[in-house]
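These notes are about the structure you will find just below.
The values are calculated or read from the model by the stated rules, or taken from the named source; none is laboratory data. Since the model is a prediction, treat every value here as computed from it, not as a measurement. Every residue, glycine among them, receives a Cβ derived from its backbone with ideal geometry; neighbour counts consider all protein chains shown.
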Amino acid sequence: MNKTWQRRDNKMTMSEKITQFVIVICIAAIMTALGNIIDGKHLLGPSLVGVFVIAGLAIIGAIISYLPLANRFPMVFWVSLVGVIASLPIMPGQAWIIAQTKEVTFLATTTPVLAYAGLSLGKDLGAFRRLSWRIIPVALAVTAGTFICAAAVAHFVLHMQGVI
């Protein structure tokens with residue numbers, strides 16, 4: 001089989017990485033928009049606008065993370081920072097960004113995230129086979145710990161606000 005089209009070092013250039021990231025984000029955005037309209041409360045147009053605003057912020061954060069000094073921090077840091085800065089009250093266009101992204105439900109964003117997690121799991125299936133049954137109690141403990149801590153924080157905050 002002729003594999004002349006493949007690079008020998010298997011390393012992607014910066015533009016290839018960014019292009020691949022943009023493609024993945026666009027696919028995830030379409031999946032999120034479709035998941036958002038399934039509940040029947042949201043229309044396709046506003047959902048697409050809100051999702052692509054979020055996708056645009058993610059792409060900006062990803063590009064920042066590839067800059068020479070910025071690559072010391074993980075991409076999720078930069079994407080989160082761009083989202084927070086874009087929604088600050090002092091930023092121009094903040095009201096429009098919030099109005100558009102308000103149309104996207106949180107549950108709709110979980111579908112592409114879980115799909116990506118499943119694909120990542122499939123890629124590392126050999127490592128999971130070596131862990132065998134031991135991964136199950138660890139996963140259950142992590143899930144339970146996360147739930148209990150989140151419930152404790154929520155209870156504390158609601159108690160401080162006088163709701164409960």
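Among residues belonging to segment 78-92 that are in contact with a helix residue (DSSP H, G or I) (Cβ under 7 Å, 6 or more places away or on another chain) and outside any helix (DSSP H, G or I), point out the one that is surrounded by the most Cβ atoms within 10 Å (Cβ to Cβ). The extreme case among them is 87. Of the residues examined, residue 99 is not one that is out of contact with any helix residue (DSSP H, G or I) (no Cβ under 7 Å at 6 or more places or on another chain), farther than 18 Å from residue 39 by Cα and either loosely packed, with under 11 Cβ neighbours inside 10 Å or modelled with pLDDT under 85 (or both).
Residues are listed down the side, and each one gets a yes or a no for (1) in the same structural domain as residue 30 (by TED's automatic domain parsing); (2) touching a strand residue (DSSP E or B) at 6+ places or on another chain (Cβ under 9 Å); (3) part of a helix (DSSP H, G or I); (4) among the aliphatic types (A, V, I, L, M):
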position: 110; (1), (2), (3), (4): yes, no, yes, no
position: 118; (1), (2), (3), (4): yes, no, yes, no
position: 146; (1), (2), (3), (4): no, no, yes, no
position: 151; (1), (2), (3), (4): no, no, yes, yes
position: 156; (1), (2), (3), (4): no, no, yes, no
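I'd like to check something: does segment 105-116 contain any residue that is under 30 Å from residue 34 (Cβ atoms) and loosely packed, with under 11 Cβ neighbours inside 10 Å? Yes, because at least one residue in segment 105-116 is under 30 Å from residue 34 (Cβ atoms) and loosely packed, with under 11 Cβ neighbours inside 10 Å. Checked against the criterion of being without any contact (Cβ under 8 Å) to a residue 12 or more places away in the chain and of a type in the set (Ser, Thr, Tyr), the candidates 105, 146 yield just one match: 146.
Restricted to segment 42-71, and to residues that are hydroxyl-bearing (Ser, Thr, Tyr) and buried (at least 18 other Cβ atoms within 10 Å of the Cβ), which residue is modelled with the highest pLDDT?
Start the filter on segment 42-71 by keeping residues that are hydroxyl-bearing (Ser, Thr, Tyr), which leaves 47, 65-66.
When the remaining residues are screened for being buried (at least 18 other Cβ atoms within 10 Å of the Cβ), the result is 47, 65.
Details: 47: 86, 65: 90.
Once the filter is applied, the top-ranked residue is 65.
Take the residues in segment 42-73 that are in a loop (DSSP other than H, G, I, E, B) and without any contact (Cβ under 8 Å) to a residue 60 or more places away in the chain, then tell me which one is nearest to residue 115 (Cα to Cα).
So in segment 42-73, the residues in a loop (DSSP other than H, G, I, E, B) come out as 42-43, 66-69, 73.
Narrowing the set further to residues that are without any contact (Cβ under 8 Å) to a residue 60 or more places away in the chain leaves 43, 66-69, 73.
Values: 43: 23, 66: 25, 67: 28, 68: 31, 69: 32, 73: 25 Å.
Ranking the candidates gives 43 first.
Residues in segment 26-41 that are touching a helix residue (DSSP H, G or I) at 6+ places or on another chain (Cβ under 6 Å) and surrounded by fewer than 20 Cβ atoms within 10 Å (Cβ to Cβ) were compared, and the one that is farthest from residue 116 (Cα to Cα) is 37.
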